[in-house]
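Data first, discussion second: the structure below is written as C-alpha cells.
Read the figures in this text as sums done on the coordinates, not as results from a lab. Just so it is clear, the structure is predicted and the values come from calculations on it, not from any experiment. Using ideal geometry, Cβ is built from the backbone for each residue, glycine included, and neighbour counts are taken over all protein chains shown.
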Amino acid sequence: MIFAPTELTPAEERLRRDVREFLAAELPPDFRPGLGLGGRHDPEFSRKLAAHGWVGMAIPTEYGGGGATPVERFVVVEELLAAGAPILAHWVAERQTAPTLLAFGTQEQREWFLPRIAAGECWFSLGMSEPDAGSDLASVRTAATKVDGGWLVNGTKIWTSAAHLNHFFVVLCRTSPAEDRHHGLSQLIVDLHAPGLKVSPIHYLDGGHHFNEVVFDDVFVPDDRVLGEVGAGWHQVTSELAYERSGPDRYLSVFGLLKAFVTEFGESFDDAQRAAVGRASAKLWTIRQLSLAVARSLERGAAPAVEAALVKDIGTLYEQEVVEVLRHVAGQEIDPGGARMFERLLAEAVQTAPAFTLRGGTTEVLRSIAAKGLTGARR
Amino acid sequence: MSRGDTELVAEAVGELLRGRCTQETVAAAERTGWAPELWAGLAEGGFPWISVPEERGGVGGTVAEACAVLEQVGRYAAPLPVAETGLLAGWMSASAGLDVPAGPVTTAPTARSVDAPATVTVQRTSSGWAASGRAARVPWAREASRVVLLADSPDGLQVISLDPATAHIEPGVNLAGEPRDTVHLDDVAVDAVAEAPAGVDHDALLLRGALSRAALIAGAAGRVLDITVTYTNERRQFGRPVARFQAVAAHLVKLAEQTEAVRMAARVAAANGGTASGPWFLDVAAAKTVASEAAGLVAAAAHQATGAMGMTREYELGQLTRRLWSWREEYGGELLWSTRLGAALADAGADALWPAIARGAVA
Ligand SMILES: Cc1cc2nc3c(=O)[nH]c(=O)nc-3n(C[C@H](O)[C@H](O)[C@H](O)COP(=O)(O)OP(=O)(O)OC[C@H]3O[C@@H](n4cnc5c(N)ncnc54)[C@H](O)[C@@H]3O)c2cc1C
C-alpha cells in the first residue's frame, strides 16, 4: 500500500490560505453549504474560480490549465468541498472529463475542450448508466451506427446528473455488436443540445431535480467527437472510474452538516454530542490523510487503484455514519423548513445519504473490485 | 378482546387501504396536505376511533387493535392522523370526560416529561377559559376538527380541546411531506377544558405516542421488505437477479430480521397496552428503542439493494423510507427511549433486571 503520512509544503499551505480568503470573500455569512450532490450549479462562481486558476488546475498549461500537481488540486478541492461551495457546473468536467481527454483525446479535442474546461465555461455530465445497465455497465445498449462523417446514436441513458444544465456528456455506447461484450464499446462526446436528444427530469427522493433520463433519437455525432479509439470504450471508462474514486468528494459531502451542528449547538453540547463530534472529526482527520496520500502517490506516478477503492469505501460509509450519528445525538424531529441551518441540512442529508454508496459504483461492486486487487487477481 | 379480533381488524383495514391508498393517493396528499376521500373511507369503518370507549364517541376495542390498524396505516403510508384521532387525542379526551368529536382530531406533546412545564397554559377568564402558548409539530392541525392538548393551569394539568380555526396555524411538514404544523395560541378562548385525570399526563402521552410510531414503523418496514424482495428478484444485472448476489442477499436478510424484530416489539408492547406505569413503560420504551433503530437500518438496506431506482420520487420505496426517517424521531427517538429505559432499569436494581426482561405478552 502506498499510504504514508503526508506533509504539505509551505507553497501548498499558501495556496490553501488563498482559497480560504477567496471563499470568505465570496460566500455570504448565511451561505447554505451544498451537500453530497455536489453543491449548486453556479456558472458565475465557476468562472470566478477559474479566473484564479482553480478550475482545471491539473490540466497542463499548454491547454490553458494550471499545470499543477495532484496535491495542489487536492488542497483547492478540499477547501471548496469543506465550504460546500457551488462547484457543480465545472465539477465533472474538471474532475473526470479533463483527465480522460488528456489520456485518450485527440490533439484537436484537447485543444478545443481543455481550455474551455479550465475557464469554467464548458460543463460535462456522465452518460454511462442505462435502464438495464447499472452495475453491469458493459451491458449498455445505446447504439451508434456508422454513417457518412459520423455516427447515428439511438438509446436511453438514465440517472444523468445535471444533464439539464450542462453542455456535453461523454456517452458509453455500442459501436459494434461484438460477441465479447467488453469490445465493441466506444465513448462519444455528445452535445446535450443536439437535435434528437431529449432530456427529461427524474425527481429525486426529496423532490429535487438532480438527475435525468436522456433519450437519443437518431442523434448525429461527428467522427471528431469520438473520444479515444472506436472499440476501446470499456478500457477507457474503467480507467476513468479510478479517477472518480478517492478524492475529497468521497468523504466531505456532509462536512457542512457537521459544521452547522457545532455552530448552532456547540455551546450547549452534552457529552454524547461532544463524543459524536469528536468521533466524526477523528475519522475525518484520518480518512483525509489516506486520501491525501493517494494524491501524493499519483504525483510520483503511482497507480494506486486498490488504495483509491479502499478510500472511497471508507469515505462514503463515513459520510453515511456522520448523518446517522448526528441525527441520533441531535435527538429531535427533523424539520425540513426549520429555523436553523442544521435542521434544514439534516433533512437534506438524511434523504441524500443513501446515494453516497451508490453513485460512481455501489459499495458491493467496489468491494469486489478492491478484493480482486488485494488478492492480486488483477484483471 | 382476543388475538383473533386483532387480526380481523388488521385484515379489514388492510383491505380498505390496499384498494384506496395507492402510491398516487399518497403523492397527491403530499402536494395538497390532505386525503379527504381516504379519511372518509377509514372513518366510515370507524377505524380511527378504535380503543376509544363508545360512550365517549368511540367504537370501543383495545389498544392492540388500534395498533393493528396503525400497522396497516404505516404499511400503506396512509397520510392521515389515525393515531392522533383515537389512540392519542381520543384517549386523552375520553379519559378526561370530554366527548370525542367526529372528524380527524390531533394532538402533540407539549412537554417531554411530567416535570417540565407545558408549552401551553390555560387560565380561567370571566367567560370561561383561554389558552396561550404554542404546540409544535402537530400532525394535520390545519385539517383537524379539534386540537387536543395538555396545558398547565393554576389548578394543575388540564386537557383542552379547541377548534383550530381559533388558533394561528403555521404550516410545517416532516420528511415525508406529512403536515406537522405549529399551533400558536394567543389568549384563545377554549370551550372544552377538563382536569387531566390520573394516568393522563405528559409521560403517558409520550408513551402512547411512542407506541403509535412503533406500530407505524413496523407496518412500513414490512412493506419496504416486500418491495425490496420483489425488486431485487426482478432486477437483473450480469445475467441474473441481483438478489442472487450474496451482498444483496445479506441486505435482504437484514431487512427481514429488522422487520420481524420491530413487528414483534411493537405487537408485544401493544398487547400489553393500557396503563401508563409499571411494566408497560418498559415494553413501550423497549419497542420504540428497537423500532427507531430498525427504521434507519431498514431504510439503508432497502436503498442500498434497490440502487438508483430506489432514490427516485416516482418509485414507491421513498414514500415509506421518508416516513421511517420521520417516525423514528417522533415521540422520541432511540436516544430518548433507551436513556429512559436504562434509567428505570438501573433504578430498579440489578436483581430486577432479568425479571423485567423475562416477561411475556399478556394476551
Ligand atoms: C445520485 C446519483 C447520481 C448518479 N449520477 C449518474 C450520472 O451522472 N451518470 C451515470 O451514468 N450514472 C449515474 N448514476 C448511476 C450510478 O452509477 C448507478 O446507480 C450505479 O452504477 C448502480 O447501478 P443501479 O443503480 O442500476 O443498481 P443495480 O446495478 O441495479 O444494483 C442493485 C443492487 O445490486 C447490487 N449488485 C449489482 N451487481 C452486483 C454484483 N455483481 N455483486 C454484488 N452486488 C451487486 C448493487 O450493489 C446494488 O446493491 C447516479 C446514481 C445516483 C444514485
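Would you compute, for the Cα atoms of region A:245-378, the largest minus smallest coordinate along each principal axis and list the three values in descending order, in whole Å?
Result for region A:245-378: principal-axis Cα extents of 51, 24, 22 Å.
Convex hull over the Cα atoms of region A:126-234, averaged projected area in nm²?
6.5
Identify, among A:His41, A:Gly53, A:Leu80, the residue whose Cα sits farthest towards the positive end of the charge dipole of region A:1-102, taking +1 on the Cβ of Lys and Arg and -1 on the Cβ of Asp and Glu, with the dipole about the Cα centre.
A:His41
Please name which of A:Ala370, A:Leu345, A:Thr357 has its Cα lying farthest along the dipole of region A:319-379 towards the positive end, using unit charges on Cβ (Lys, Arg +1; Asp, Glu -1) and the Cα centre as origin.
My answer, from the dipole projection, is A:Ala370.
If you bin the C-alpha pair distances of region B:3-195 every 10 Å from 0, what whole percents do you get?
Calculated P(r), rounded to whole percents: 10, 36, 34, 16, 3, 0.
Within region A:328-354, which residues have the backbone N less than 11 Å from the label spot 7 Å out from B:Asp186 along Cα→beta-carbon, could you tell me?
No residue qualifies, since no backbone N sits under 11 Å from the label point.
If a paramagnetic tag sat 7 Å from the Cα of B:Ser126 along the Cα-Cβ line, which residues of region B:173-208 would have the backbone N under 17 Å from that point?
B:188-190
Could you derive backbone 3J(HN,Hα) for region A:23-35 from the dihedral phi with the Karplus parameters 6.51, -1.76 and 1.60 (θ = phi - 60°), listing whole Hz in sequence and x where the residue is Gly or Pro?
Using θ = phi - 60°, the values come out as 5, 4, 7, 7, 8, x, x, 8, 4, 8, x, x, 10 Hz.
What nm distance separates the two modelled labels at A:Lys48 and B:Val253, each placed 7 Å from Cα along Cα→Cβ?
Placing both labels 7 Å along Cα→Cβ, they lie 5.3 nm apart.
Give the average over all directions of the projected area of the C-alpha convex hull of the protein assembly as shown, one decimal, in nm².
34.8
With each label point set 7 Å from Cα along the Cα-Cβ vector, what nm distance links A:Glu26 and B:Glu314?
Going from the A:Glu26 label point to the B:Glu314 one covers 3.5 nm.
Using modelled backbone amide H atoms (1.01 Å from N, in-plane), which distant-in-sequence or interchain residues come within less than 5 Å of A:Ser161's amide H?
A:Leu126, A:Asn212
From the mean inverse distance of alpha carbon pairs (Kirkwood) and the Cα radius of gyration, derive Rg over Rh for region B:12-95.
Reported Rg/Rh, Kirkwood definition of Rh: 0.98.
If you average the C-alpha positions of region B:170-215 and of region A:207-238 separately, how far apart do those two centres end up, in angstrom?
Here the two parts' Cα centres lie 54 Å apart.
What is the dipole size for region B:202-362, taken about its Cα centre, with +1 at each Lys and Arg Cβ and -1 at each Asp and Glu Cβ, in debye to the nearest 20?
540
Within a 10 angstrom radius of the beta carbon, how do B:Trp39, B:Trp34, A:Trp159 rank from fewest other beta carbons to most?
B:Trp34, B:Trp39, A:Trp159
Go through B:Ala214, B:Ser113, B:Tyr331 and say which Cα lies farthest out towards the positive end of the charge dipole of the protein assembly as shown; charges sit on Cβ, +1 for Lys and Arg, -1 for Asp and Glu.
B:Ala214
Measure off 7 Å from each Cα along the Cα-to-Cβ vector at A:Arg141 and A:Glu267, then give the distance between these two points in nanometres to one decimal.
Placing both labels 7 Å along Cα→Cβ, they lie 6.1 nm apart.
Specify the inter-centroid distance of region A:1-75 and region A:337-379, based on alpha-carbon positions, in whole Å.
Each part's Cα centre sits 23 Å from the other's.
Let's test the formula: R0 of 56 Å, r as the Cβ-Cβ distance of A:His235 and A:Arg14. What FRET efficiency results, to the nearest 0.05?
0.90
What FRET efficiency would be calculated for the residue pair B:Ile357, A:Ala103, taking the C-beta separation as r and a Förster radius of 56 Å, to the nearest 0.05?
Step by step, r from the Cβ atoms, then E = 0.35.
How far is the Cα center of region B:292-363 from the Cα center of region B:106-140, in Å?
28
Let me know the charge dipole size of chain B about its Cα centre in debye, to the nearest 20, where only the beta-carbon of Lys, Arg (+1) and Asp, Glu (-1) is charged.
About 1360 debye.
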